[in-house]
Each structure stands twice: as C-alpha cells, then as structure tokens.
Amino acid sequence: MDAKELIARRVAHEIRPGMLVNLGIGLPSMVANYVPAELGVFFQAENGVIGLGARPPEGMEDENLTDAGGGFVSAVPGAASIDSAMSFGLIRGGHLDMTVLGGLEIDEAGQLANWKVPGKMVPGMGGAMDLVTGAARVIVAMQHAARGASKIVPRCTLPLTSLRRIDLVVTELAVIEPTEEGLVLREHAPGVSVEDIRAATAASLIVPAEIAEMQLA
Amino acid sequence: MKGALRPAAAAEMIPDGASLLIGGFMAVGTPERLIDALVARGAKDLTVIANDAAMPGRGIGKLVTARAVSRVVASHIGLNPELQKLMIAGEIEVELVPQGTLVERIRAGGVGLGGVLTPTGLGTEVEQGKQKVEVGGRTFLVEEPITADFALLAAYQADYVGNLCYSLTAHNFNPTMALAGRTVIAEPASIVPVGVIPPDAVKTPGVLVDHLIVRAA
C-alpha cells in the first residue's frame, strides 16, 4: 500500500454516519474511496454540490457538474446543487461536520499553513481559510515530509491559513493530535516505531505510554 | 430586461478600464462567448472580479492571455500559471480574497450592506490593513462590499423577461453577482418562452438582468 492510500484509509476511519464532509483536492479526495455508501455520508464540493458522486462513465460527463478541482463528477441520490454563498454559509456557519485538507506545514500550536510559498507558489487560498475557520472538525491529511524535510515543525514559517488549532494530522507514519499542551502522538502506522516518527518530525511530540496502531478503513 | 444582444454588441458596451464581475468556477458557469467577444474587441485595462482565474484557453484565462486585464480580485489563481507569472512580474495586480469572503463581499455590495464581518482571515496575511470589531465577545474582520460596472453571468436558461435558472455546479457566483453589477449581462445556454421556467425555479429574477446574449448560431 502506498503512503497516500494508507493516509486516505486512516482518515476514512474518522468519518461517522450521516456527516457532511468536504474533501480537498488531491490526496484528501481519495478518502471518499474508502467510505462505504451505507454510512449515508454526504460529500460537499465547495463549488456547489452536496452529495458528490463518482466520476461518470466515459462520454456521460456533464460540463456543469464538476468538483472543486474541476474534475467531472456525478451526484448521489439526495444531492443538492447550491450557489457559492450557500456553500460558504454552510462552511463558515458551522454546518460542515468535517473538512480534510492537505498541508504544507503544521506546527506545535496545531496551526496550519497550506496556501502560499512566498515568491515561489502563490495559488491563493481558495476556500481553505473558510474551511479551516468554520468546519466543526479539521483533519490535515499529508505526507510526513516534503523533499526530505519534516512538514511538522516547531513554528510555521509559511503564511498561516487560520489561527484555529486543527483537530488531527494523519500522515503515512503517524496520527498526531494537536492539543493545548502540544502535539500528542496517538497512533503509529503498521511497522513504524515511535523512534522512527520522532526522527522524522522536526517538532517536539508528546508521547503517551500507550500508542495504538493505525486502524484502516 | 432591455433585450438580447449579440456578443460583439455587448463587448462594445463595455469600455476599456471597466470593472467586471464574471461568474464561474474554473470556467464552469462562465460566459465564454462574451469573453471571446471582449478579446476580439481588444478590450484593455479591465478589472476582473471572479472566484478564480480559470486556466489558459478557458474563461478568464483568455482575457489574461489577451492582456485585457490589469487587475484581478480572486480567491484562487493556482491553475493559471500565466497569471501567476504576470503577477510576480508586476504586470497584473492580484488581490487574493478567501472564497467565502469574496462571495459575501459581492453579496453585501449587491444588497446594500456596508460590509461583512467574518472570522475568516483573522491572524493571517488577509487581515493586513483591515479594521477588526468585537461583537458578542467574538472578533471579526471588517470586509468591504464589492460592486462593479458590469456583471457578466452564465445561466442554463433565460426566458424572454430575463428570469434565469442555473444548472448544478454552474450556479457558483452567478446568482450573487447578478445583484452587484450596475449593468447585468447574462449569457444563457438557451432562451425559452415565459412560463417555461416555473417561478419557483427562478434563481435570478429578470428585473435584475439588463441584457441577454442571443442564442449561439
């Protein structure tokens, strides 16, 4: 199993029946593949649909039905199409149960940077600032390191997405919960030791006596 | 509603230097024929306010390629490397606004409100130079309303009095922008007799719409 699949399957385990969930572009969108239909979860795409479904069969795409990454999607029974004011009303207004986003950096305060690398990459924040500020639960799904450098750092050096402390970080090595006291290591991936995780993490981690192995959906 | 125009006639009405609200999310729900006509006219120095800058070859991306734009207000320009280069080179000014804030600023402008109080952006680069207020013990950023000379919309259907309805994720910013343009021009995929769009299905009442674009030949 590759790193991204492992992360997606662990995040899927966080999803509860009946939730409204927003998945970011890229790795986070893979989470939907591991959420059984019988959970009755609705996925929101912030461009304007609640009840996002799988990509339609070849040749049956609707140019007016895409996800927030611009890819063709379908809609599940019970879906609703909404405009951007409603969509962000749901997000900012606390009606969204969970958002799963990618990250560039997470720090010991649990704050996230994921929208800008000054001078290099300025894609814009899109909906990320509203999602992190407003969602009931914020999960960051990302690889532990980028080009050999830990993405979990003492203090974010990149521009913050929000002051809000995110709720959970899931990487291919570990599940980490940001708390008032700092970053608490909750779970290790199969075959990964606490020492491996410490060595791969630039931030300091609080390590309780009991660390569970990741449960995968 | 004053009547239906050919795209070229609409482009003639829009002077160089005008500010434009343009509907669409990654070019889904964007008035492509109007944009083509602006490019054909050689429009210059436009301010474009839109969710995103689409991509080269589609929607607002075509205005960027034609150097018809001097200023962009958007939440995301990540799929338009051309605009990112022009921004870094200082040739096009870009203001990045969180997506939920952008749609509410436009809504505020269109519905006569003095601005928006939002928690989104607090403690980030977005708050620079902005007033903060406390309401009920919570801190909010004060975000100013947005209006523009023109709103250029895409719709699914229009009827002869300009009532509009939209399809699936092609709603996005269109219904909100319909309130905030001093002149509103809508490009529907089809124009139908009055009554075909049931009153309950009308998302933008025709009283807001100044001109329709004639059906595609």
Task: Förster-model FRET efficiency, 41 Å R0, residue A:198 and residue B:111, C-beta, rounded to 0.05 - done: 0.15
Task: Contact order relative to length of chain B, as percent, for alpha carbon pairs under 8 angstrom and 6 or more apart - done: 24 percent
TODO: Let me know the Rg and Dmax you get for chain B when you use only its Cα atoms, in Å.
DONE: 17.3, 58
TODO: Could you tell me the distance between the Cα centroids of the range A:132-202 and the range B:112-130, to the nearest Å?
DONE: 28 Å
Task: chain A - mean residue ellipticity at 222 nm from DSSP helices (-39,500 (n - 2.57) per run, n ≥ 4, rounded to 500) - done: -4000 deg cm²/dmol
Task: Value of relative contact order over chain A, rounded to a whole percent, pairs C-alpha under 8 Å and six or more apart - done: 20 percent
Open item on the list: Under 10 Å, Cα contacts only: if you run a Gaussian network model on chain B, which one of B:25, B:140, B:150 comes out with the highest mean-square fluctuation?
Closed with: B:140
Task: Dipole axis of the protein assembly as shown (+1 Lys, Arg; -1 Asp, Glu on Cβ), positive-most option in B:40, A:87, A:212 - done: B:40
Task: Spin-label model distance (nm) - residue A:181 vs residue B:85, 7 Å beyond Cα toward Cβ - done: 5.3 nm
TODO: Rank the residues B:13, A:125, A:142, B:55 as a footprinting-exposure proxy: fewest other Cβ atoms within 10 Å of their Cβ go first.
DONE: B:13, B:55, A:142, A:125
Task: Rg to Rh quotient for the range A:94-165, alpha carbon positions, Kirkwood Rh - done: 0.95
Task: Size of charge dipole - chain A - debye, nearest 20, with Cβ of Lys, Arg +1 and Asp, Glu -1, no other charges - done: 480 debye
- [ ] Enumerate the whole-percent occupancy of each 5 Å bin, from 0 to the last occupied one, for all C-alpha pair distances of the range B:98-217.
- [x] 2, 12, 19, 18, 15, 11, 8, 8, 4, 3, 0, 0
TODO: State, as an integer percentage, the relative contact order of the range B:1-123 based on alpha-carbon contacts under 8 Å between residues 6 or more apart.
DONE: 18 percent
Open item on the list: Greater than 19 Å separation of Cα atoms is the criterion. Which listed pairs, A:120/B:85; A:116/B:85; B:62/B:85; B:2/B:62; B:44/B:130; A:120/B:130, meet it?
Closed with: B:2/B:62; B:44/B:130; A:120/B:130
Task: Net length gained if the chain between residue A:209 and residue A:58 were fully extended (0.36 nm per residue, minus Cα distance) - done: 49.2 nm
Open item on the list: For the range A:151-202, which GluC sites (Glu not before Pro) pass both filters: DSSP loop (anything but H, G, I, E, B) and at most 16 other C-beta atoms within 10 Å?
Closed with: A:180, A:181
Task: Within the range A:3-213, percent of DSSP bridges classed antiparallel, to nearest 5 - done: 55 percent
- [ ] Evaluate the Kirkwood expression for the hydrodynamic radius of the protein assembly as shown, namely the inverse of the mean inverse distance over all pairs of different C-alpha atoms, and round to one decimal in Å.
- [x] 22.6 Å
TODO: Using R₀ = 41 Å, calculate the FRET efficiency as 1/(1 + (r/R₀)^6) where r is the Cβ-Cβ separation of residue B:125 and residue B:40; round to 0.05.
DONE: 0.65
Task: Scaled radius of gyration (Cα, divided by 2.2 N^0.38 Å) that the range A:3-213 gives - done: 1.02
Open item on the list: What distance in nm lies between label points placed 7 Å from Cα along the C-beta direction at residue B:134 and residue A:157?
Closed with: 3.6 nm
TODO: For an R0 of 35 angstrom, estimate the FRET efficiency from the Cβ-Cβ distance between residue B:9 and residue B:93 and round to the nearest 0.05.
DONE: 0.75
Task: Cβ-placed point charges (K, R +1; D, E -1), dipole of the protein assembly as shown about Cα centre in debye, nearest 20 - done: 820 debye
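Each value in this text was obtained by applying a stated rule to the coordinates, not by laboratory testing. Everything quoted here is computed from the prediction, not taken from an experiment. Note that each Cβ is placed from the backbone with ideal geometry, even for glycine, and that neighbours are counted across all protein chains shown.
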